[in-house]
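**Q** One structure coming up, written as C-alpha cells, with questions to follow.
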Amino acid sequence: MIETLTALLLFQLVGEAIAFWSRWPVPGPVLGMALMLAFCLWKPALASTWKPVAATLLQHLALLFIPAGVGIMLHFHRLQGEGLAIAVALILSTLLGMAVTALMLGWLLRRQGGGEHD
C-alpha cells in the first residue's frame, strides 16, 4: 500500500513539475493522472497491483472534500461578491460536462454495436 501511495504522489509531483515549468494551463494533478494512465497502459501488471489501494481511496473519498469545505468557509466573503459569476460558471460547466458525456456515451455505444449506425 505504501508503494502505491508513493507512486501516486510521485506522479502528482511530476505532473506539478511539468505544469510549473511548461506553464501550461493544466493543473499538475491532471497531468500526473494522465502520466499514470499512460504508465498503466504501458505496464498493465502495475494497474492490477494499484487497484486495491485505489478502491480504498475511493471508499473514503468524502474525507477529501473536508479541506474544500473549510476553504469555502474561510473565503465566504468572496462568495458574497463573486457568487453570481461562480454560480453561472458551475451551471454552464455542469451542462457542458453532461452534454459531452452524453455524446461520448452515444458514440461509444454505436461503436460497440458494430458501427451499423455510423
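**Q** Take peptides 4-10, 40-46 and line them up by average Cβ neighbours within 10 Å, highest first, as a rough protection proxy.
**A** Working: 4-10: 14.0, 40-46: 10.4.
Answer by packing, highest mean first, reads 4-10, 40-46.
**Q** Here's a follow-up. Relative to the present Cα-Cα distance, how much length would full extension add between residue 112 and residue 55 at 0.36 nm per residue of separation? Walk me through the intermediate numbers first.
**A** Numbers: separation 57, 0.36 × 57 = 20.52 nm, distance 2.70 nm.
Computed gain between residue 112 and residue 55 is 17.8 nm.
**Q** For q = 0.10, 0.16, 0.18 Å⁻¹, what log10 I(q)/I(0) does the chain give under the Debye formula with an equal point scatterer on each alpha carbon and no solvent?
**A** -0.53, -1.18, -1.24
**Q** Within the chain, which DSSP H helices have Cα atoms that stretch 15 Å or more along the helix axis and a mean Kyte-Doolittle hydropathy of at least 0.0? Each step should come with its number before you reach the end.
**A** Values: long enough: 2-22 (29 Å, 1.39); 28-42 (21 Å, 1.92); 44-59 (23 Å, 0.57); 76-112 (49 Å, 1.06).
Answer set is 2-22, 28-42, 44-59, 76-112.
**Q** Suppose the chain between residue 98 and residue 62 were pulled fully straight at 0.36 nm per residue; how much longer would it get relative to their current alpha carbon spacing? Walk me through the numbers before you get to the answer.
**A** On the way: separation 36, 0.36 × 36 = 12.96 nm, distance 2.21 nm.
10.8 nm is the gain from fully extending residue 98 to residue 62.
**Q** Something else about it: What 222 nm value per residue comes from the helices of the chain, counting each DSSP H run with n ≥ 4 as -39,500 (n - 2.57) and dividing by all residues, nearest 500 deg cm²/dmol?
**A** Numbers: 5 runs with 98 residues, N = 118.
Here the helix-only value at 222 nm equals -28500 deg cm²/dmol.
**Q** Under unit Cβ charges (Lys, Arg +1; Asp, Glu -1), what dipole magnitude, rounded to 20 debye, does the chain have relative to its Cα centre? Before the final figure, lay out the partial values.
**A** Details: 6 positive and 5 negative charges, 13 e Å.
So the magnitude is around 60 debye.
**Q** Provide the FRET efficiency to the nearest 0.05 for the residue 33-residue 79 pair, computing r from the beta carbons and using R0 = 25 Å. Don't skip to the end; give the middle numbers.
**A** Working: r = 28 Å, r/R0 = 1.13.
Taking R0 as 25 Å, the efficiency between residue 33 and residue 79 is 0.30.
**Q** Explain nothing, just the number: relative contact order of the chain, from Cα pairs under 8 Å at least 6 residues apart, as a whole percent.
**A** Numbers: 49 pairs, mean separation 17.2, N = 118.
Normalised by residue count, the contact order of the chain is 15 percent.
Values quoted throughout were computed directly from the atomic coordinates according to the rules given, and no laboratory measurement underlies them. Small disclaimer: the values here were computed from a predicted structure and weren't measured. So basically every Cβ, Gly included, is an ideal-geometry build from the backbone, and we count neighbours across all protein chains shown.
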